Amino acid sequence: MASQQQLKSRIRSVKSTKQITKAMQMVAASKMRRAQDADKAATPYSQAANELLTYLASQGETKQHPLFEQRTVKSRLLIVIAADKGLVGAYNANIAKAYIRELQADDKQKVANKTIAVGRKVSQFVTRLKDTELLGAYENLADNPSASQLRALLDTAIEQFISGNVDAVDVIYAKFISGINQQVMTARILPAGFTETEVSSSVRDALYEPSAEAVLDAVTRRLIGAQIFQAFLDGKASEYSMQMLAMKNATDNASDLADDLTVAMNKARQAAITQELAEISGGVEALNE
């Protein structure tokens, strides 16, 4: 059995770790709420873009636009969004598993693929795979990145599609549903699509300058960018949610371990006291003989 001094040292170490994990849990909860707020704030923008695209599609403007071109998928680009750091539970592992499933599906269908990695962990994972073409890796992005920070990624995806190097662009990310529920999804962003919705009179009666075609091109690119942005924000909210739960579990485990060590120390102290009493009693009896 460990000595009392060793047990005291372990208890202090466990309690110190508990303080760290508790602090990380609180930080993750705060960041998760901010990511949720940013995700909700971007929703009206996407709704407005869907409304405008619904109207332009009804006028036949989308039929000849290159970003809406439907082709047989012989090659596709996968944008994989994960975390830059660990200590996020199974978040990175779940993203990696979904990515591997997509690669395996492409292999079965004889579809070539390319990858853009967002997040240091997934970037490291992709570079270890054989026969995988990595077009770009984006690490240490802000939790709420500006348009300029995602511009290179968006331009690469659009250029690859318009040039015919890929026939589809998909995003793999974790959709945030609730604090304890996240779902890894694969969403197609190219060829461009939108959710048909009711068109307001302000959109229907608007004049488009310099032309409807130019407006369509700008709005479509913005909508694709918004889809990538929202996937990134969903991923961040999911990441911090998983980190919060992981740190909560670590804090609870540290509490249980500290309690177990305290019990063991009390038993060791009791055993030492009993031993000392036995030795004193033995000494007294020896003196009385």
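The values are calculated or read from the model by the stated rules, or taken from the named source; none is laboratory data. Here the structure is a predicted model, which means the values were calculated and not measured. Glycine also receives a Cβ, built like all others from the backbone with ideal geometry; neighbour counts cover every protein chain displayed.
Residue by residue, here is whether (1) under 26 Å from Leu153 (Cα atoms); (2) among the aliphatic types (A, V, I, L, M) holds:
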residue: Glu213; (1), (2): yes, no
residue: Leu233; (1), (2): yes, yes
residue: Asp252; (1), (2): no, no
residue: Ala278; (1), (2): no, yes
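Residues of region 25-53 that are hydrophobic (A, V, I, L, M, F, W, C) and touching a Ser or Thr at 6+ places or on another chain (Cβ under 9 Å): Ala28, Ala29, Met32, Ala35, Ala49, Leu53. Hey, can you tell me all the residues within region 126-151 that are small (Gly, Ala, Ser) and within 16 Å of the chain's Cα centre (by Cα)? Those that are small (Gly, Ala, Ser) and within 16 Å of the chain's Cα centre (by Cα): Ala137, Ala142. Pairing each residue of region 100-123 that is more than 24 Å from Gln230 (Cβ to Cβ) with any residue that is assigned to a helix (DSSP H, G or I) and not basic (Lys, Arg), provided the two are 6+ apart or on different chains, yields C-beta distances under 9 Å for Val111/Ala105; Ala112/Asp106. Summed over region 237-255, residues that are of a type in the set (Ser, Thr, Tyr) and under 16 Å from the mean Cα position of the chain (by Cα) total 3. Of the residues contained in region 115-122, one or more are found to be farther than 27 Å from Pro66 by Cβ, part of a helix (DSSP H, G or I), at pLDDT 90 or above and among the charged types (D, E, K, R).
Taken over region 142-188, the criterion of being part of a loop (DSSP other than H, G, I, E, B) and in contact with a helix residue (DSSP H, G or I) (Cβ under 6 Å, 6 or more places away or on another chain) is satisfied by Asp143, Asn144, Val166, Gly179.
Within region 72-95, being without any contact (Cβ under 8 Å) to a residue 60 or more places away in the chain and surrounded by 19 or more Cβ atoms within 10 Å (Cβ to Cβ) holds for one residue alone: Asn92. The set of residues in region 235-250 being among the charged types (D, E, K, R) and over 16 Å from Val122 (Cα atoms) consists of Lys248 alone. In the set (1) outside any helix (DSSP H, G or I); (2) without any contact (Cβ under 8 Å) to a residue 24 or more places away in the chain; (3) over 17 Å from Lys31 (Cα atoms), Asn253 fails one condition alone, (1). Going through (1) assigned to a strand (DSSP E or B); (2) surrounded by fewer than 17 Cβ atoms within 10 Å (Cβ to Cβ); (3) in contact with a helix residue (DSSP H, G or I) (Cβ under 8 Å, 6 or more places away or on another chain) one by one, Thr197 falls short only on (1).
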